[in-house]
Amino acid sequence: MVRIAEIAPGSIAEALELEIGSRIVRINGELVRDGIDFRFLEAESLLELEVHSPATGSTTIYEIEKDAGEPLGVRPAPDPVRECANKCVFCFVDGNPEGVRRTLYLRDDDFRLSFTYGSYVTLTNLGPRGFQRLIDQRLSPLYVSVHATEPDVRMRLLGVPRGGEIVEQLRMLAAAGIEVHTQVVLCPGWNDGVHLDRTIEDLWAIGARVLSLSVVPVGLTRYNLNRPVRLLEPEEARAAIAQVDRARERSLAERGVGWAYAADELFLLAGMGVPDAAYYDDWPLTENGVGAVRRLLDECEAGLPHAPRLDGRRIAIVTGTRMARVLEPLSGRLGAATGARVDVVGVENRLFGPTVTTAGLLAGRDIAAELAARAAYDAVLLPAEALNDDERFIDDLPFAELTRQLAPTRVAAGHELIGTLSAL
Ligand code: SF4
């Protein structure tokens with residue numbers, strides 16, 4: 001059953017006087033297991049809705065006639081997250097220190113989050129009924145962490161016997177019309193080299209329902225570095241990019257899209273610039289770190305003629321250490337366009353250790369410490385990806401608290417530079 005979290009004004013649910021906190025138990029006799037079941041079942045035009053009220057202990061049946069697809073106006077409470085059954089050798093949860101946001105300790109592997117938010121799942125915690133549900137409800141596209149298609153290689157990486165069934169599972173989903181974006185987290189000595197080539201071949205052979213393959217370098221912190229996986233060396237990153245490029249050539253010739261993509265981090269690790277926009281087709285994976293850097297650079301370039309005048313002001317653009325090297329060349333041009341003195345400030349990640357260089361994992365306290373060691377700025381731009389929906393950094397420091405500490409400096413967080421400068 002699902003709990004009603006919100007009721008939209010003017011909706012059918014409001015007209016029926018459904019109450020927040022009540023449980024929707026069945027629709028048309030079918031048990032409502034979670035929010036996806038609810039969305040699937042509410043689409044019918046004739047509904048028999050069984051609702052239980054914990055407040056009164058009563059159960060009421062509502063008969064509803066509406067247009068097919070018309071929503072009832074109920075927002076279900078979030079479902080409990082399905083946890084993973086794996087013991088991945090590179091698990092990011094093992095790389096967490098104490099004291100980070102609680103949600104970062106959760107080992108989730110939930111196909112519902114994959115369908116709804118595009119998080120990657122391994123499919124190892126799904127039995128035959130789970131797969132049948134994906135097919136019956138046409139939960140497509142899904143995002144699947146493949147890592148390797150050779151059964152023994154994938155089993156070693158994921159630490160579970162069921163990890164070896166991925167090719168059959170993807171074939172079954174493809175045959176049922178379910179599309180998937182796939183991902184490889186590249187671990188040197190585990191799934192790179194010939195194993196990556198084999199993975200590329202196997203995924204390509206499944207057919208066009210495999211929409212993409214992105215190759216991401218493993219990320220490790222001071223807490224799980226070399227236990228047992230190590231980081232990629234730059235030349236290993238370049239070799240992987242060359243393998244991806246070979247897959248792209250074939251795909252561009254045969255399917256007209258790149259299909260295989262090296263993640264932004266792989267290019268940065270290789271010491272290469274990120275490719276032009278054409279590499280990313282219609283940007284299917286920007287949220288997953290494939291194309292986000294190119295998009296940021298291009299948006300900045302396009303926005304320069306519209307940059308606000310900030311004459312004489314001192315502005316800091318805060319980012320991770322690796323991204324700082326990418327943004328550094330822009331500081332002079334931003335300064336010329338705005339009249340400000342613009343510094344790119346690469347903040348070392350003391351919370352996770354220096355191997356973690358991405359802006360999204362910057363702790364609020366590390367940012368505060370770095371800025372406190374520098375001359376005062378009039379304004380500071382922060383990467384919005386370092387904040388969660390509750391406006392907290394990964395170390396749980398609220399954005400409002402950092403802003404208070406930096407006062408009277410103005411602080412703004414954004415996903416792109418020119419718009420955020422304009423908001424200062
Ligand atoms: S799937 Fe692997 S990496 Fe993800 S939470 Fe589970 S063990 Fe960790």
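The values are calculated or read from the model by the stated rules, or taken from the named source; none is laboratory data. These numbers come from a predicted model, not from an experiment. Positions of Cβ are backbone-derived with ideal geometry, glycine not excepted, and every protein chain shown enters the neighbour counts. Quick note on the areas: whole protein, heavy atoms, side chains included, nothing else; ligands and nucleic acids left out. Shrake-Rupley method; radii C 1.70, N 1.55, O 1.52, S 1.80 Å.
Table for the structure above
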{"read-out": "The chain, dipole about Cα centre (Lys/Arg Cβ +1, Asp/Glu Cβ -1), debye to the nearest 20", "value": "1200"}
{"read-out": "Average accessible area per residue (Å²) across segment 1-131 - probe 1.4 Å, nucleic acids and ligands excluded", "value": "55"}
{"read-out": "Residue-level accessible surface for R227, protein heavy atoms, 1.4 Å, Å²", "value": "150"}
{"read-out": "For segment 379-424, size of Cβ-based charge dipole, Lys and Arg +1, Asp and Glu -1, in debye", "value": "320"}
{"read-out": "Extension gain, S58 back to R222 (0.36 nm per residue minus Cα-Cα distance, nm)", "value": "53.6 nm"}
{"read-out": "Mean separation of Cα contacts under 8 Å (6+ apart) over length of segment 114-256, as relative contact order %", "value": "22"}
{"read-out": "Mean separation of Cα contacts under 8 Å (6+ apart) over length of the chain, as relative contact order %", "value": "10"}
{"read-out": "Dipole magnitude (debye, nearest 20) for segment 110-190, charges at Cβ of Lys, Arg, Asp, Glu", "value": "160"}
{"read-out": "Pairwise label distance in nanometres, A253 with N388, each label 7 Å out on the Cα-Cβ vector", "value": "4.8"}
{"read-out": "Phi-based couplings in Hz for segment 15-22 (Karplus 6.51, -1.76, 1.60; Gly and Pro marked x)", "value": "4, 7, 6, 5, 10, 4, x, 5"}
{"read-out": "Percent RCO, i.e. relative contact order, over segment 101-192, from Cα pairs under 8 Å lying at least 6 residues apart", "value": "30"}
{"read-out": "Over the chain: helical MRE at 222 nm, DSSP H runs n ≥ 4 each giving -39500 (n - 2.57), nearest 500", "value": "-9500 deg cm²/dmol"}
{"read-out": "Volume in Å³ per residue [convex hull over Cα atoms, computed for segment 235-294]", "value": "67"}
{"read-out": "Three-way shape call for the chain based on the alpha-carbon gyration tensor, with the a/c threshold at 1.5", "value": "oblate"}
{"read-out": "Theoretical FRET efficiency, 1/(1+(r/R0)^6), r = Cβ-Cβ of R101 and A77, R0 35 Å, to 0.05", "value": "0.95"}
{"read-out": "Pairwise FRET efficiency - V93 versus T409, Cβ, R0 = 35 Å, nearest 0.05", "value": "0.50"}
{"read-out": "Positive-end residue of V74, I64, G353, charge dipole of the chain with Cβ unit charges", "value": "G353"}
{"read-out": "Extension gain from A8 to M172, taking 0.36 nm per residue of separation minus the Cα-Cα distance", "value": "55.2 nm"}
{"read-out": "Positive-end residue of G332, G289, A363, charge dipole of segment 286-424 with Cβ unit charges", "value": "G332"}
{"read-out": "Among F115, S251, L381 - extreme Cα towards positive end, dipole of the chain, charges at beta-carbon", "value": "L381"}
{"read-out": "Y279/A423 FRET efficiency (R0 30 Å; Cβ-Cβ; nearest 0.05)", "value": "0.50"}
{"read-out": "Inter-label distance, nm, simple model (7 Å from Cα along the C-beta direction), A208/T116", "value": "3.2"}
